[in-house]
């Protein structure tokens, strides 16, 4: 029998437990409110959000090299960029592609050259360590194709050290094994101006005559191994490269001039105003330099605008500066509104309406676009990643924006939603998946050409993009069954891509944590029941890689090695948020793992309401180019905390 004392003790414990629950709930609500307010304060007057997009030190170095190529040097700006470069050097003297990564030879060569251009003493400790690293990797001759092209333009190595990419490629018929339509959007926008620069053998002004011969193990004129043979197919392409170079004098002048004019017209058609060719830095710089090389006057509107587009990418602070690879307002805005809708869909309606008005105004319609080569009869309806990029709407962005609109419940968005969804359906690849910009861009043999040593020439379907398309189609198909056949095909593709351990590979985010979050979030909109084993397998895998601090973290090293056991170490707020959301989707909101993840986020939140993760959050191209989205540690944790709170409130 219970005594009066026992009863009082039980009541006291129940009261204590209730107080603890209320206290934790209060802390959660406060954290959500603080994070939400910070995001609301960052909205631009036009309705969008825009966060910095940072890459490795290659692009800031290339900006300095561009100034020395032109002989137009802003001393104050290059000094600030140099400060940024010095600050990001690794302890071994090298420059990695992402935080905590191994040194990268090509990036390191460009940084060294840029710092020497600025005036750094080559005997200074940081330069000596950097040079020692470069030489230990075989020297500058072993750098990638893009770096060797830059060195050839600055007369640091002979043109035989770069692939043969004649401008006459512009005249190849569509049936030819290599054609611009067979490579990704980012490849063609970079390559076409490079055709001009390489064919005409562009020569940098290099006003201070800066050289880097000390970075070569063998003098560049005597180097015989600029093109290591990788595979049989690669050897065949190398042989064709030599044949092409040998027969170069046989090309008629008329054909050469026609190819030059076609390349020039191609560039001008896609210059894209102050957002630049392809709206990506490498293409924009190449286009700017190519136009000048062709004799277009510096005061020509096309040239002036091309330079403005490049300079819009600069992030200039008090003591340092860097150049972004591109701008990301549509992506930032789409993910921010999803987080705000999870936090308070009704209370945030005025803010959300303003954001959707901006997005509606930037939706593409029937503008010319390279994607139309394969889908000529498909009506437009996508969004770009950047402010403007009409030739290259982004499938991923389009799916996320249209889904957010459908979830918002705001009136007046149906027309935009359905235009976008029909465009998405039309961009489906034959295997049911989706690439980022083109359908069926899977000419894998082209990755063996000498120019493609970076391995990022193509835009094949990926599961993360595909599942967000499924997420949109499933959400809209609840009222319109016209999308069901395409949806079924995509689900089959996504299901087939699940790894044995239950995770999914992440192409555009790091990596398996991101891929698994993407898939579960997307499949939640479909009619696949939560009892399906794919949910349990994914949730169990996420639990298995949780860190002891309650968070989740994954290094970009997981793109390099099959053994992932050493790559789930340092927790980050955004990756923890992905895992928490994924667990909530899988019906695991009440699990101790989800709670521990939320506790981690609450502990790591800063006084201003957001989080601060130094990690690079996504690959531009795995093993080649990585990005840090400065918004990821602001909207994803808010989204996770709000989703967790909302799940707990259901029971």
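Structural remarks
- Out of 620, 587, one residue alone is outside the structural domain of residue 144 (by TED's automatic domain parsing) and at pLDDT 95 or above. It is 587.
- All positions within the stretch 531-548 that are touching a helix residue (DSSP H, G or I) at 6+ places or on another chain (Cβ under 8 Å) and over 12 Å from residue 502 (Cβ atoms): 546
- Test set (1) touching a residue at least 60 places away in the same chain (Cβ under 8 Å); (2) touching a strand residue (DSSP E or B) at 6+ places or on another chain (Cβ under 9 Å); (3) surrounded by fewer than 24 Cβ atoms within 10 Å (Cβ to Cβ) - residue 524 fails condition number: (2)
- Of residues in the stretch 616-651 being in contact with a helix residue (DSSP H, G or I) (Cβ under 8 Å, 6 or more places away or on another chain) and in a loop (DSSP other than H, G, I, E, B), the one farthest from residue 39 (Cα to Cα): 623
- Residue within the stretch 591-600 that is outside any helix (DSSP H, G or I) and without any contact (Cβ under 8 Å) to a residue 60 or more places away in the chain present: yes
- Options 183, 190: the member that is in contact with a helix residue (DSSP H, G or I) (Cβ under 7 Å, 6 or more places away or on another chain) and farther than 18 Å from residue 442 by Cα: 190
- When residue 319 is tested against (1) surrounded by 15 or more Cβ atoms within 10 Å (Cβ to Cβ); (2) under 30 Å from residue 83 (Cβ atoms), just one condition goes unmet, and that condition is (1).
- Single match in 357, 396, 377, 366 (criterion: surrounded by fewer than 23 Cβ atoms within 10 Å (Cβ to Cβ), touching a residue at least 12 places away in the same chain (Cβ under 8 Å) and under 30 Å from residue 266 (Cα atoms)): 366
- The single condition among (1) buried (at least 18 other Cβ atoms within 10 Å of the Cβ); (2) free of Cβ contacts under 8 Å to residues at least 24 places away in the same chain that residue 346 does not meet is (1).
- Condition met for residue 265 (within 34 Å of the chain's Cα centre (by Cα) and surrounded by fewer than 16 Cβ atoms within 10 Å (Cβ to Cβ)): yes
- Filter pass, residue 100 being in contact (Cβ under 8 Å) with a residue 60 or more places away in the chain, surrounded by fewer than 22 Cβ atoms within 10 Å (Cβ to Cβ) and within 27 Å of residue 559 (Cβ to Cβ): yes
- Failed condition for residue 150, given (1) closer than 30 Å to residue 248 by Cα; (2) outside any helix (DSSP H, G or I): (2)
- Hits in the stretch 171-181 (condition: touching a residue at least 40 places away in the same chain (Cβ under 8 Å) and either surrounded by 20 or more Cβ atoms within 10 Å (Cβ to Cβ) or not in a helix (DSSP H, G or I) (or both)): 177, 178
- Meets criteria (under 26 Å from the mean Cα position of the chain (by Cα), surrounded by fewer than 19 Cβ atoms within 10 Å (Cβ to Cβ), on the phi < 0 side of the Ramachandran plot and modelled with pLDDT under 95) for residue 563: yes
- Qualifying positions in the stretch 84-93 - farther than 18 Å from residue 628 by Cβ and surrounded by fewer than 16 Cβ atoms within 10 Å (Cβ to Cβ): 91, 92
- Residue-level check: of (1) farther than 17 Å from residue 331 by Cβ; (2) surrounded by fewer than 24 Cβ atoms within 10 Å (Cβ to Cβ), residue 428 misses just (2).
- The single condition among (1) crowded, with 24+ Cβ neighbours inside 10 Å; (2) within 22 Å of the chain's Cα centre (by Cα) that residue 387 does not meet is (1).
- Consider the stretch 634-645 and keep the residues that are under 21 Å from the mean Cα position of the chain (by Cα) and within 15 Å of residue 513 (Cα to Cα). The one that is surrounded by the fewest Cβ atoms within 10 Å (Cβ to Cβ) is 636.
The values are calculated or read from the model by the stated rules, or taken from the named source; none is laboratory data. Here the structure is a predicted model, which is why all the values come from computation and not from measurement. All Cβ positions, glycine included, derive from the backbone under ideal geometry; neighbour counts span all protein chains shown.
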